[in-house]
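Heads up: the structure comes next, in structure tokens.
The values are calculated or read from the model by the stated rules, or taken from the named source; none is laboratory data. Everything numeric in this text was worked out from a predicted model, so none of it was measured. Every residue, glycine among them, receives a Cβ derived from its backbone with ideal geometry; neighbour counts consider all protein chains shown.
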Amino acid sequence: MTPEEVRRANALLVGAGSDVILHWCSAIFRRPALATSFGPNSGVLWHMAHEHFGPDLLAVYVDPGDLPEANKRYRDTLMHRWPLRLLNPFEPDPPATAHERALMHAGGTGRELAYERTKLLTLRLGLRKYRIDGILFGARADQGKDGTERLSLSSRAFIARKDGRTGAYPNRLMTHQDSLAYLVRHDIPFHESGPPGGGRVECGIHTKETLP
């Protein structure tokens, strides 16, 4: 999608729910993929995508060098129940250095700096390798780290990215209470860290990689 096509789609889809956005993704993306980190908030969109696209949908994830073991176990749980075409993890080349690992462990701005190469660049290169033009993200507006990001996600189902691809946010209008209810309704196991929450580890994918 061009930035102008993204603007027109968002104008038409103000207030649209997840099902409508997923139908649009089917129509407009030639090679879509679901992007996830397999954290506590991942099960909802994973299940929705499986129900809508079936098991042939590509699924991608990045292991920058600090992907928790609990996330890997949740990955295996979701894949067992609702398989998608999960690609091997996108990993930084060369692997994260000791300094980058220390920054990721420290959190805050240090983590964001390390993620510039180990996560953001790694994802960008992986998407290019597999010719993916549309990426489904599970981020919600209530997870935004500030008012600007919350407003951006709440008002846009699609976001044009700097790499020329389009990010889709089917669940942007859901709350973490909605997500919890969805998991319970569809008998989707919780992540071992607990049910979906309002926060997320900030990596910059939903801000630095997008156009205004």
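Going by the structure shown, is residue 32 farther than 19 Å from residue 183 by Cα and touching a Gly at 6+ places or on another chain (Cβ under 6 Å)?
yes
Can you tell me how many residues within the stretch 74-126 are under 21 Å from residue 163 (Cβ atoms), within 17 Å of the chain's Cα centre (by Cα), not charged (D, E, K, R) and not in a loop (DSSP other than H, G, I, E, B)?
Adding up the residues that qualify gives 9.
Among the candidates 8, 111, single out the residue that is modelled with pLDDT under 95 and under 29 Å from residue 155 (Cβ atoms).
When all the criteria are applied, what remains is 111.
Could you list all residues from the stretch 25-40 that are surrounded by 20 or more Cβ atoms within 10 Å (Cβ to Cβ) and either of a type in the set (Gly, Ala, Ser) or assigned to a helix (DSSP H, G or I) (or both)? It would help to see each step written out before you state the result.
Pass one, the stretch 25-40, residues surrounded by 20 or more Cβ atoms within 10 Å (Cβ to Cβ): 25, 32-38, 40.
Once the filter is applied, which keeps residues that are surrounded by 20 or more Cβ atoms within 10 Å (Cβ to Cβ) and either of a type in the set (Gly, Ala, Ser) or assigned to a helix (DSSP H, G or I) (or both), the stretch 25-40 yields 25, 33, 35, 37.
Could you tell me which residue of the stretch 97-120 is surrounded by the most Cβ atoms within 10 Å (Cβ to Cβ), considering only residues that are of a type in the set (Asp, Glu) and touching a residue at least 60 places away in the same chain (Cβ under 8 Å)?
The extreme case among them is 112.
Which condition does residue 74 not pass, out of (1) buried (at least 18 other Cβ atoms within 10 Å of the Cβ); (2) under 24 Å from residue 17 (Cβ atoms); (3) modelled with pLDDT of 95 or more, if it passes all the others?
Every listed condition holds for residue 74 apart from (2).
So which of 137, 158 ends up being in contact with a strand residue (DSSP E or B) (Cβ under 7 Å, 6 or more places away or on another chain), closer than 16 Å to residue 35 by Cβ and surrounded by fewer than 21 Cβ atoms within 10 Å (Cβ to Cβ)?
None of the others qualify; the one that does is 137.
Quick one: count up the residues across the stretch 46-73 that are among the hydrophobic types (A, V, I, L, M, F, W, C), outside any helix (DSSP H, G or I) and closer than 17 Å to residue 137 by Cα.
Number of matching residues: 5.
Would you mind stating whether residue 83 is in contact with an Asp or Glu (Cβ under 8 Å, 6 or more places away or on another chain) and within 21 Å of residue 44 (Cα to Cα)?
Values: in contact with an Asp or Glu (Cβ under 8 Å, 6 or more places away or on another chain): no; within 21 Å of residue 44 (Cα to Cα): yes.
The answer is no for residue 83.
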